[in-house]
Amino acid sequence: MQFTEHALLIPCQGDAMVGVLSRPGTPSTLGLVVVVGGPQYRVGSHRQFVLLARRLASAGYPVLRFDYRGMGDSEGEARGFESIDQDIAAAIDALKQACPSVGGVVLWGLCDGAAAALLYCGATRDARVAGLCLLNPWVRSEATLARTHLKHHYSARLLQVDFWKKVFSGKFRVLQSLRELWGNFQVSRSGALHQGAESPFQVRMAQALRQYSGRVLLLLSANDYTAKEFLETASTDPLWSGLLHRPGLERVDVDGADHTFSRQQWRASAEQAVLQWMGTFKP
């Protein structure tokens, strides 16, 4: 399907955010807003967001990708992913205004963009959000990072040739490595997420996922510590108990993929999963 691309200035609390709308000739009633995460802007790593938007638009779905305030070309002070609820709401407004046929909107987010999308739903309970597409959600804390390293990093190192070369050549720093291992072990036992006051966003994410009644697509990269950290948290913290098996949640793992799906085959797999999932929504 043919589509066009349009630059938008999106008003948000007195500032102007810059976005790009990919609009099909005959837009679907379901649209998608890309929630940019980390120190990123609307293009994404290796043009990931551009390519995703064009792929979906060619299938009939209008897509808006935008720089939230303080990032990219948008006005305003820089802010973190925990403080962009107003930006997301304004982007949904802009998409629906530009494409009046759109009834519901999917929020698509990678890493802390996924966290921001969940936090938005939890804070606003915006009925316009028909679905969430969460890629490698960010739930990092010192404890979860330490547990992930203990479970995945050290066991992987034992299978690496360069590790044993260092051991047999005498270059392996035994005491330093043992101190690091012991430090990670202590931090990993520092308590569940909900007991710490430093990272309350993980708690709100779990609560948001539990109360959200819409459909969720969880896309995980097989070769990504952020994804492993998320799975570790979801499987061990009581707040997340059962959430990955809640009704309406579909999980897709992309074999071999890194955090940003940097290879064409990984990106294509992720895009195809999103397309198939969006195609199951009722008009």
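The figures follow:
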| quantity | calculated |
| --- | --- |
| Long-range neighbours under 8 Å by Cβ, at least six apart or interchain, first residue closer than 24 Å to S262 by Cβ and charged (D, E, K, R) within the range 222-251, second open to solvent by less than 30 Å² (accessible area, probe 1.4 Å) and assigned to a helix (DSSP H, G or I) | K228/T148; E229/T144; E229/T148; E232/T144; E232/T148; E250/W277 |
| Qualifying residue in the range 9-17 (condition: of a type in the set (G, A, S), open to solvent by 60 Å² or more (accessible area, probe 1.4 Å) and more than 23 Å from G103 (Cβ to Cβ)) | yes |
| Some residue of the range 24-36 being in a helix (DSSP H, G or I), in contact with a Phe, Trp or Tyr (Cβ under 8 Å, 6 or more places away or on another chain), within 22 Å of L132 (Cβ to Cβ) and open to solvent by 20 Å² or more (accessible area, probe 1.4 Å) | no |
| Out of R55, R65, R23, R79, sole residue that is modelled with pLDDT of 95 or more, within 17 Å of A116 (Cα to Cα) and basic (K, R) | R65 |
| Those residues of the range 205-226 which are of a type outside the set (D, E) and either farther than 21 Å from C121 by Cα or over 15 Å from the mean Cα position of the chain (by Cα) (or both), in sequence order | Q207, R210, Q211, Y212, S213, G214, R215, S221, A222, N223, Y225, T226 |
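The values are calculated or read from the model by the stated rules, or taken from the named source; none is laboratory data. The structure presented is a predicted model; accordingly, all values stated were derived computationally and were not measured. With ideal geometry, Cβ positions are generated from the backbone for all residues, glycine too; neighbour counts draw on all protein chains shown. Each accessible area value is taken on the protein alone, full model and side chains, heavy atoms only, with ligands, DNA and RNA left out. Shrake-Rupley method; radii C 1.70, N 1.55, O 1.52, S 1.80 Å.
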